[in-house]
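Before any comments, here is the structure.
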Amino acid sequence: MPMQDATTWVEYAEQMPQRVLRDRLIDLEVPSKDVARGRALRKTAPRRALAQLTPSPRTAAEILVEQNADRLRELVPLRFARMLADPFSFYRGSAAVMAADLAASPSSGIEIMCCGDAHISNFGMYAAPDRAIVFDLNDFDEAAVAPAEWDLKRLITSAIIGGRHAGYPAKAIRRCVEQALAGYQTSLQAMLEEMNVLDRYYLRLEPEHYTGKVSKGLQAVIQKTTSQARTRTSARVFKQITKIGPDGRRACGNHRRSSSMSTKRSKPRWWRRSKSIWPQSRPTLRCCYRTSASPMSRCG
């Protein structure tokens with residue numbers, strides 16, 4: 001997610017009741033009391049209420065257009081193009097839209113440092129400082145203090161949308177979601193009851209340690225993914241975004257732009273698909289397309 005999305009997520013998170021930083025730091029951790037306090041909160045924030053959605057009075061188009069105010073105008077259509085590829089791509093690019101809905105909906109009031117965009121594609125494998133390959137969240141642009149359930153809702157919703165996009169049957173998606181929720185609950189309980197603060201701080205998942213404890217299919221996936229992760233280094237990226245010229249190595253343009261966009265002024269394929277994917281935003285996209293048609297023709 002682009003850095004500009006962070007401001008909007010924080011903006012919505014700040015609508016929640018806040019405590020000064022000093023009060024956060026002096027909270028002592030007593031698991032038995034924390035459990036009792038959590039159960040007491042159910043009287044003011046029942047779990048059934050947390051399942052309710054109160055849509056933001058602002059439309060998705062309004063929120064996204066406001067975000068584009070600080071973006072490079074010629075890249076706005078490219079961002080929309082990527083979001084319009086499929087429902088899951090739209091979900092990935094609209095964290096601010098979900099944040100607006102969550103801010104308007106019932107909340108547990110249990111505030112933590114949230115990732116802000118904990119969808120399934122923001123989990124991956126990468127090298128820790130000691131070069132061990134770990135599996136964890138890898139995107140924190142939208143990190144903010146917010147209700148604990150916000151990240152969980154973002155994650156579970158992404159599993160549903162992603163599963164549908166991948167063509168999995170409804171029963172399989174539901175089973176995966178139930179397993180994810182159960183795993184979240186049991187893992188969180190185990191961490192609080194069996195681990196101290198330092199143990200949790202250093203807790204990490206190293207997939208290579210589990211290659212002999214999982215199915216052959218999953219083991220093959222782990223081995224393939226870890227091998228790929230070891231090749232994704234800053235040196236590799238540096239070579240991709242620079243080129244050697246007579247006067248040395250120089251940056252070779254905006255690497256985030258797609259090199260496959262048409263150089264013609266005819267409307268690209270993603271424009272023709274917009275009617276079925278995001279019909280309510282056609283006027284907005286049409287405006288963006290017209291105002292940046294000339295810069296777009298030079299992409300690639």
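Determine whether segment 17-25 contains at least one residue that is modelled with pLDDT under 90, touching a Ser or Thr at 6+ places or on another chain (Cβ under 7 Å) and over 19 Å from Trp150 (Cβ atoms).
No: zero hits.
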### Query
Do we have any residue at all in segment 86-94 that's modelled with pLDDT of 90 or more, over 27 Å from Ala148 (Cα atoms) and surrounded by 13 or more Cβ atoms within 10 Å (Cβ to Cβ)?
yes
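Here is a yes/no grid of residues against (1) surrounded by 10 or more Cβ atoms within 10 Å (Cβ to Cβ); (2) among the aliphatic types (A, V, I, L, M); (3) at pLDDT below 85; (4) under 17 Å from Ile133 (Cα atoms):
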{"position": "Ser187", "(1), (2), (3), (4)": "yes, no, no, no"}
{"position": "Met195", "(1), (2), (3), (4)": "yes, yes, no, no"}
{"position": "Arg204", "(1), (2), (3), (4)": "yes, no, no, yes"}
{"position": "Glu208", "(1), (2), (3), (4)": "yes, no, no, yes"}
{"position": "Ala220", "(1), (2), (3), (4)": "yes, yes, no, yes"}
{"position": "Ser234", "(1), (2), (3), (4)": "no, no, yes, yes"}
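Give segment 205-226 a look and list any residue that's under 24 Å from the mean Cα position of the chain (by Cα) and either part of a helix (DSSP H, G or I) or basic (Lys, Arg) (or both), or say none. I'd like the intermediate steps shown before the answer.
Let us first name the residues in segment 205-226 that are under 24 Å from the mean Cα position of the chain (by Cα), namely 205-207, 218, 221-222, 224-226.
Those that are under 24 Å from the mean Cα position of the chain (by Cα) and either part of a helix (DSSP H, G or I) or basic (Lys, Arg) (or both): Pro207, Leu218, Val221, Ile222, Lys224, Thr225, Thr226.
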### Query
Counting just the residues of segment 142-165 that are within 11 Å of Asp117 (Cβ to Cβ) and not basic (Lys, Arg), which one comes out surrounded by the fewest Cβ atoms within 10 Å (Cβ to Cβ)?
Ala143
#### Entry: segment 29-59, residues that are assigned to a loop (DSSP other than H, G, I, E, B), in contact (Cβ under 8 Å) with a residue 60 or more places away in the chain and hydrophobic (A, V, I, L, M, F, W, C)
Ala45
### Task
Scan segment 95-132 residue by residue and report those that are of a type in the set (Val, Ile, Thr) and under 30 Å from Pro207 (Cα atoms).
Ile112, Ile120
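Would you pick out the residues in segment 123-160 that are part of a helix (DSSP H, G or I), under 30 Å from Thr211 (Cβ atoms) and either in contact (Cβ under 8 Å) with a residue 40 or more places away in the chain or more than 16 Å from the chain's Cα centre (by Cα) (or both)?
Matches in segment 123-160: Arg154, Ser158.
The values are calculated or read from the model by the stated rules, or taken from the named source; none is laboratory data. All values reported here derive from a predicted model rather than from experimental measurement. Every residue, glycine among them, receives a Cβ derived from its backbone with ideal geometry; neighbour counts consider all protein chains shown.
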